[in-house]
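Bear in mind these aren't lab numbers, they're just calculated from the coordinates by the rules spelled out. Computed from a prediction, not measured in an experiment: that's the story for all the values here. Here Cβ is always computed from backbone atoms with ideal geometry, including for glycine, and neighbour counts include all displayed protein chains.
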């Protein structure tokens, strides 16, 4: 969202394929903050890496958070975190391994995967069918 914001403030038209949304209306208070995004997705390399232990290699992690839930997946490991932020805003009750939360876990993982797929640069706009 930083690039579209800077382009907006410089009065420069963003290229058609630019990802993100300008934060300018939000920063000016022109729009309600709840309308900007439904979710956030982030990636972190070397997650679960102990400090000062180069002999222990961490893993790649992704996080998907919407207004109600937060999902962290530690890729390559059978580990993760899943929290209901309305019921547990302090993130103390990890639902990841709970059988009754498996469908929720799957749904959030799918949303995270879809967000990644839809953020992929598909190249220049096609001018013909092929």
Original post:
So what is the 222 nm mean residue ellipticity for the chain from helices alone, if each DSSP H run of at least 4 adds -39500 (n - 2.57) and you divide by all residues, rounding to the nearest 500 deg cm²/dmol?
Top reply: -7000 deg cm²/dmol
Original post:
With no solvent and one point per C-alpha, what does the Debye sum give as log10 I(q)/I(0) for the chain at q = 0.19 Å⁻¹?
Top reply: -1.14
Subject >> Taking 11, 1 and counting other C-beta atoms within 10 Å, the order from fewest to most >> reply: 11, 1
Original post:
Among 32-45, 101-114, 69-82, what's the highest-first ranking by average C-beta atoms within 10 angstrom per residue?
Top reply: 69-82, 101-114, 32-45
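Taking only C-alpha pairs under 8 Å that are 6+ residues apart, what is the relative contact order of the chain in percent?
Worked out over the chain, it gives 14 percent.
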Subject >> Chain lengthening between residue 8 and residue 28 when straightened (0.36 nm per residue, less Cα-Cα) >> reply: 6.0 nm
